């Protein structure tokens, strides 16, 4: 892309002329344009070439950072102390608590300009349950969920519930089963020792209706991340009262294409990772030192987030294609997830990624020992022919237990997020305890994150976020829909066949 | 016809049973995710059987060999031998079998079945044995269930109740529950439908309920059939006295003309409305749930 004014105006015109965008979507797209054209960063040697070659990817964050990509505010502080900037007192009733959150969410920025983390909402609301009748509590929580579905037009916004069973958590799930909206996304922080089977089964019944909540292996995440954490955006495990400055990607499948064999791949990989890390560090330096976010934003000033709780994430996609390409170049007749050789190579690649990240020191990532974290990214529209994260390509999924065991072996490399989706047919609705058995067994074997849905529902999970199939149909006809990231779902279904994931018929 | 009822002599030798197939993950054979073992051979011969190829043991007539498109069947020393590596799972062999049997059966040891089950272990809650009729493999079941329970798995039988299983203390000690078919409460209709008396079935139902071993009752409902209606009513009456002390699911199964033979191929499916009407008839009997499937 030529970085001149004519190109910028031409792109702005395309946005303005797009009938499939709401006003708000057009506005945020226009707002992100200048950042794509900026040249305020001191790019590391070789970055521009590797990016142009498609080996590294900036994930459309632009080159003019002015706020962190993902922010996970300390909402409990809001509940306990209120907020000076927004003139909010600590809430004393359920209605006040909900209103306080609704107002505050409006002011939490992110890469999408909407909050990607809504907090452990059941825990926050539970203390107010005594003040109202059950019927009132249910009504208020349902209206809260309804409000979120219509006021935050983006399903990267993510609510956490569990691991303890709460009244509020039950009412949230009951409301979601009625509303069946794509927004917000929800994760159950699951701990077999703490989370009751009844609460888990209700969550899975909800997931069979509207593709949420997903289940996070809470003890495993806590062990990998020795600090208070939350699940934000798609399934990103990040420090609370902090978040991620940035997420950029090493396109390992393209490096495999460039390399003549696996030996050369492992020579190029550290250079690519190192260059990306230097680039991320320069973005972080600009954000922290040159932009004013970390000095003036009320979230920082009042201590809802702290600079020392932010980290950076290095994403990968297409382990499937990377392994297939390297096996072919090494003359091994096998495919990803289909042999010991393929598994050995996969382990070697992921271990190398973590080894290179461990070797890189990043000044501002105190919370994660001054290292960036590895993330299995869910892909973007441009990733044609590249499978998200470490997933097995659509159309090549093995039978259920083999698939589960594969995920159990490889999810452990990703402290900051990884996940797989296991859709079931209608039969599962009558026996969600069976899905819970699978979750328990998988988590016991090392799986980190499990998503499920029913193939007959409108709300489904596309790669890592929720969309309505009906919205995707509207977008394919050129009509605007309220949910901003339904557009990505549309492209994922068109370019990556994301809606054709194998459904388990049991 | 001689049925493979286990004997003491048989037990003395290495325990083996004819296994038709194993489903690694089933959501419909009891609570939770279960591995289901289907045994070959049945003491009933139901007109609407949806897997009639499991009824008899192969007599090695060899009629199926020519019809196998994959060359997976061979007559070796008077026996039809099935090569599961060549098999393409088309079902031509048993669809062509005039004797309601199949060559695709493996005489398996308890150890072999358990090894298979343990491969699924982290993801399943338990095992269910079905058939055919699983209780014909009584000695095998006692050993299989003992080993399964030692591995922390729950054990369920899916049975037609034709044999006196409820009074078999050794078997019941390792069986967590029985899912029992009550096909018909009218003796004459049952004889006509299943080729076997229902007397033991009904006695088993009561005794299993008393012993809190009755997990589920199943009745296959035929379209607009007054006997189906009466069976549902009678079953409710029969079990009502015990349901306050034990949780029993009543599953009303729509007859589906899938996999069936002969005249049943032309029987219609009952309507959802008929099923709901029958469900209402037993709604107040005290079943944990009445499920239409």
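Out of (1) more than 9 Å from every other protein chain (Cβ to nearest Cβ); (2) over 22 Å from residue A:465 (Cβ atoms), the odd one out for residue A:437 is which?
(1)
Of A:224, A:216, which residue is touching a residue at least 60 places away in the same chain (Cβ under 8 Å) and crowded, with 24+ Cβ neighbours inside 10 Å?
That would be A:216, the only listed residue that is touching a residue at least 60 places away in the same chain (Cβ under 8 Å) and crowded, with 24+ Cβ neighbours inside 10 Å.
Examine the range A:8-26 for a residue that is crowded, with 18+ Cβ neighbours inside 10 Å, closer than 30 Å to residue A:161 by Cα, outside the structural domain of residue A:381 (by TED's automatic domain parsing) and touching a residue at least 24 places away in the same chain (Cβ under 8 Å), and state whether such a residue exists.
Within the range A:8-26 (the criterion being crowded, with 18+ Cβ neighbours inside 10 Å, closer than 30 Å to residue A:161 by Cα, outside the structural domain of residue A:381 (by TED's automatic domain parsing) and touching a residue at least 24 places away in the same chain (Cβ under 8 Å)), the answer is yes, since at least one residue qualifies.
Helices (runs of 4 or more DSSP H) wholly in the range B:76-175 with at least 1 residues that are within 21 Å of residue B:28 (Cβ to Cβ) - which ones?
Per the criteria, B:110-120, B:138-150.
Of everything in the range B:257-293, what is in a loop (DSSP other than H, G, I, E, B) and within 14 Å of chain A (Cβ to nearest Cβ)? Give them in sequence order.
B:288, B:293
Given the criterion under 22 Å from residue B:21 (Cβ atoms), away from every other protein chain (no Cβ under 14 Å) and under 14 Å from the mean Cα position of the chain (by Cα), identify the matching residue among B:147, B:137.
Among B:147, B:137, only B:137 is under 22 Å from residue B:21 (Cβ atoms), away from every other protein chain (no Cβ under 14 Å) and under 14 Å from the mean Cα position of the chain (by Cα).
Among the candidates A:181, A:176, which residue alone is crowded, with 24+ Cβ neighbours inside 10 Å and not in a strand (DSSP E or B)?
Among A:181, A:176, only A:176 is crowded, with 24+ Cβ neighbours inside 10 Å and not in a strand (DSSP E or B).
Going by what's in this entry, would residue A:265 be described as closer than 24 Å to residue A:345 by Cβ and either in a helix (DSSP H, G or I) or more than 18 Å from the chain's Cα centre (by Cα) (or both)?
yes
Condition first: touching a helix residue (DSSP H, G or I) at 6+ places or on another chain (Cβ under 6 Å) and either assigned to a strand (DSSP E or B) or surrounded by 21 or more Cβ atoms within 10 Å (Cβ to Cβ) (or both). Now tell me which residues in the range B:12-21 satisfy that. It would help to see each step written out before you state the result.
If we filter the range B:12-21 for residues that are touching a helix residue (DSSP H, G or I) at 6+ places or on another chain (Cβ under 6 Å), which is where we start, we get B:15, B:17, B:20.
Of everything in the range B:12-21, those that are touching a helix residue (DSSP H, G or I) at 6+ places or on another chain (Cβ under 6 Å) and either assigned to a strand (DSSP E or B) or surrounded by 21 or more Cβ atoms within 10 Å (Cβ to Cβ) (or both) turn out to be B:17, B:20.
Does residue A:385 meet the test of being assigned to a loop (DSSP other than H, G, I, E, B) and surrounded by fewer than 22 Cβ atoms within 10 Å (Cβ to Cβ)?
Yes: the conditions hold for residue A:385.
Taking residue B:122 and the conditions (1) more than 14 Å from chain A (Cβ to nearest Cβ); (2) over 21 Å from the mean Cα position of the chain (by Cα); (3) surrounded by 15 or more Cβ atoms within 10 Å (Cβ to Cβ), which numbered condition does it fall short on, given that it satisfies the others?
(1)
Can you give me the number of residues within the range A:398-411 that are more than 14 Å from chain B (Cβ to nearest Cβ) and surrounded by fewer than 23 Cβ atoms within 10 Å (Cβ to Cβ)? Don't jump to the end; show me each part of the working.
First pass over the range A:398-411, keeping only residues more than 14 Å from chain B (Cβ to nearest Cβ): A:410-411.
Then keep just the ones that are surrounded by fewer than 23 Cβ atoms within 10 Å (Cβ to Cβ); that gives none.
Selection size over the range A:398-411: 0.
I'd like to know if the range B:37-52 contains one or more residues that are out of contact with any strand residue (DSSP E or B) (no Cβ under 7 Å at 6 or more places or on another chain) and surrounded by fewer than 16 Cβ atoms within 10 Å (Cβ to Cβ).
Within the range B:37-52, one or more residues are out of contact with any strand residue (DSSP E or B) (no Cβ under 7 Å at 6 or more places or on another chain) and surrounded by fewer than 16 Cβ atoms within 10 Å (Cβ to Cβ).
How about the range A:72-91: which of its residues are surrounded by fewer than 21 Cβ atoms within 10 Å (Cβ to Cβ), touching a residue at least 12 places away in the same chain (Cβ under 8 Å) and out of contact with any helix residue (DSSP H, G or I) (no Cβ under 8 Å at 6 or more places or on another chain)?
Hit for the range A:72-91 is A:77, nothing else.
For residue B:189, indicate whether it is within 25 Å of residue B:275 (Cα to Cα), touching a strand residue (DSSP E or B) at 6+ places or on another chain (Cβ under 9 Å) and either surrounded by fewer than 16 Cβ atoms within 10 Å (Cβ to Cβ) or in contact (Cβ under 8 Å) with a residue 24 or more places away in the chain (or both).
So residue B:189 does not fit the description; no.
Results for (1) surrounded by 24 or more Cβ atoms within 10 Å (Cβ to Cβ); (2) within 14 Å of chain B (Cβ to nearest Cβ); (3) closer than 22 Å to residue A:395 by Cβ, shown as yes or no for each residue.
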position	(1), (2), (3)
A:413	no, no, no
A:419	yes, no, yes
A:427	no, yes, no
A:430	no, yes, no
A:441	no, yes, no
A:450	yes, yes, yes
A:460	yes, no, yes
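Give me the pairs, please: first residue somewhere in the range A:444-458 and assigned by TED's automatic domain parsing to the domain that holds residue A:217, second residue anywhere and at pLDDT below 95 and surrounded by 16 or more Cβ atoms within 10 Å (Cβ to Cβ), beta-carbon distance under 8 Å, and either six or more positions apart or on two chains.
Listed pairs, sorted by first residue: none to list.
Which of the following residues is surrounded by fewer than 19 Cβ atoms within 10 Å (Cβ to Cβ) and in a helix (DSSP H, G or I): A:192, A:201?
Going through A:192, A:201 in turn, the sole match is A:201.
Mind checking whether some residue in the range A:449-472 is in contact with a helix residue (DSSP H, G or I) (Cβ under 7 Å, 6 or more places away or on another chain) and farther than 18 Å from residue A:421 by Cα?
Within the range A:449-472, one or more residues are in contact with a helix residue (DSSP H, G or I) (Cβ under 7 Å, 6 or more places away or on another chain) and farther than 18 Å from residue A:421 by Cα.
So if I check each of B:77, B:104, B:85, which one is closer than 28 Å to residue B:141 by Cα and more than 25 Å from the chain's Cα centre (by Cα)? Spell out the reasoning first.
Values: B:77 fails: closer than 28 Å to residue B:141 by Cα; B:104 fails: more than 25 Å from the chain's Cα centre (by Cα).
Only one candidate passes the filter, namely B:85.
Filter the range B:22-61 down to the residues that are in a strand (DSSP E or B) and within 14 Å of another protein chain (Cβ to nearest Cβ), then identify the one that is farthest from residue B:98 (Cα to Cα).
Ranking the candidates gives B:34 first.
Looking at the range B:133-154, I want the residues that are surrounded by fewer than 17 Cβ atoms within 10 Å (Cβ to Cβ) and have a partner that is outside any helix (DSSP H, G or I) with Cβ atoms under 8 Å, at least 6 apart or on another chain. Which pairs are those?
B:146/B:174
The values are calculated or read from the model by the stated rules, or taken from the named source; none is laboratory data. All values reported here derive from a predicted model rather than from experimental measurement. Neighbour counts run over all protein chains shown; Cβ positions are idealised from the backbone, glycine included.
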